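Data first, discussion second: the structure below is written as structure tokens.
The values are calculated or read from the model by the stated rules, or taken from the named source; none is laboratory data. All of these numbers come straight from a predicted model, not from anything done at the bench. Backbone-built Cβ (ideal geometry, glycine too); neighbour counts: all protein chains shown. In case anyone asks, the SASA skips ligands and DNA or RNA and just uses the protein heavy atoms, side chains included. Shrake-Rupley method; radii C 1.70, N 1.55, O 1.52, S 1.80 Å.
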Amino acid sequence: ALIPMQLSPGDTLQAKLVATDLKGQTAESALLRIIITEQTVDPRQRVWAAEQRRLAQMADELRERTSQLTKDSSTLQKTAKDEERGRTEPNEAQTQLARMKQQLQRTVEQADEVWEQIKKTAREAPTAADAEENRQLGQRLAQVRQSALPRLKELTSGNIESTDLIKRAASEAN
């Protein structure tokens, strides 16, 4: 356990780490010398990192919505088959398709918003490593925006013809 210490920039601390397992065996580290310095992280980098975390969270929400579209397509497929066999209310599949279209539109809008924000943060990346992190986030989002979402949009633009195609496109969006 660490104890509270009143340390100031320039102070030096020496410490040794000791680990004990359940059998009582111990291992010790070499003596560590820790020099206390002033906060050296650029405040702009902190703000940028917080923005990156927010964008990553938004991208996760986008993936969740895409996953929900996959589930909706499975339900839509089953409903369309049941409707053909007279087991459900007429037009139930069309109602589900309309809901799926709305969800898809919201997902596309969120993807566009996150994309614009990623482009903005790319210009403001404080370091090369931060720029690379931003680029990777952008690549993951670009894959969804350029392939999966347009295909889902195309497949949901008309009436229900082949729900298998909708299901396949929704799976690709994940």
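With a 1.4 Å probe rolled over the protein heavy atoms of all chains, the accessible area of I35, I118 falls in the order I35, I118, largest first. Specify whether the C-alpha gyration tensor of the stretch 5-138 places it in the rounded, prolate or oblate class, a ≥ b ≥ c being the square roots of the eigenvalues: rounded for a/c under 1.5, otherwise prolate if a/b is larger than b/c and oblate if not. Since a/c reaches 1.5 but b/c is at least a/b, the shape of the stretch 5-138 is classed as oblate.
Sequentially through the stretch 45-60, phi angles give Karplus couplings (6.51, -1.76, 1.60; θ = phi - 60°) of 5, 4, 4, 5, 5, 5, 5, 5, 4, 5, 5, 5, 5, 5, 5, 5 Hz, Gly and Pro residues having no value and appearing as x.
The relative contact order of the chain, computed from alpha carbon pairs under 8 Å that lie at least 6 residues apart in sequence, is 23 percent.
The solvent-accessible area of E38, taken with every protein chain present and a 1.4 Å probe, is close to 130 Å².
A 1.4 Å probe run over the chain, with the rest of the protein chains in place, finds 69 Å² accessible per residue.
Ignoring any ligand, DNA or RNA, what whole percent of the accessible area of the stretch 1-145 comes from carbon and sulfur when the probe is 1.4 angstrom? Answer for the stretch 1-145 is 50 percent, counting heavy atoms of protein chains only.
What number comes out for the charge environment of R65, summing +1 per Lys or Arg and -1 per Asp or Glu over other residues with Cβ under 11 Å away?
Details: positive: R63, K71, R106; negative: D60, E61, E64, D72, E109.
My count for the surroundings of R65 gives -2.
Note on the stretch 1-87: dipole from Cβ charges, positive end direction compared against I35, T12, S73; the farthest Cα belongs to S73. The length gained on full extension between D60 and S157, counted as 0.36 nm times the residue separation minus their Cα-Cα distance, comes to 32.4 nm. Amide H contacts of T88 (H built 1.01 Å from N, in plane; Pro and chain starts excluded): E83 sit under 5 Å, all sequence-distant by 5 or more or on other chains. The peptide list 19-25, 123-129, put in order of mean Cβ contacts within 10 Å with the highest first, becomes 123-129, 19-25. About its Cα centre, the chain has a charge dipole of approximately 200 debye under the convention of +1 per Lys or Arg Cβ and -1 per Asp or Glu Cβ, with nothing else charged. Cα centroid separation, the stretch 114-153 to the stretch 10-49: 34 Å.
When the Cα gyration tensor is reduced to axis lengths a ≥ b ≥ c, the ratio a/c is 1.5 or higher for the stretch 1-62, and with a/b not above b/c it is classed as oblate.
Shape of the stretch 61-122 from the C-alpha gyration tensor: prolate (a/c of 1.5 or more and a/b above b/c, with a ≥ b ≥ c the square roots of its eigenvalues).
Pairs of Lys residues in the chain are counted when their Cα atoms are under 28 angstrom apart and they lie 8 or more places apart or on different chains; the count is 16. Karplus-based coupling profile of the stretch 72-86, in residue order and whole Hz: 4, 5, 5, 5, 4, 4, 5, 5, 4, 5, 5, 5, 4, 8, x, with θ = phi - 60° in 6.51 cos²θ - 1.76 cosθ + 1.60 and x standing for Gly or Pro.
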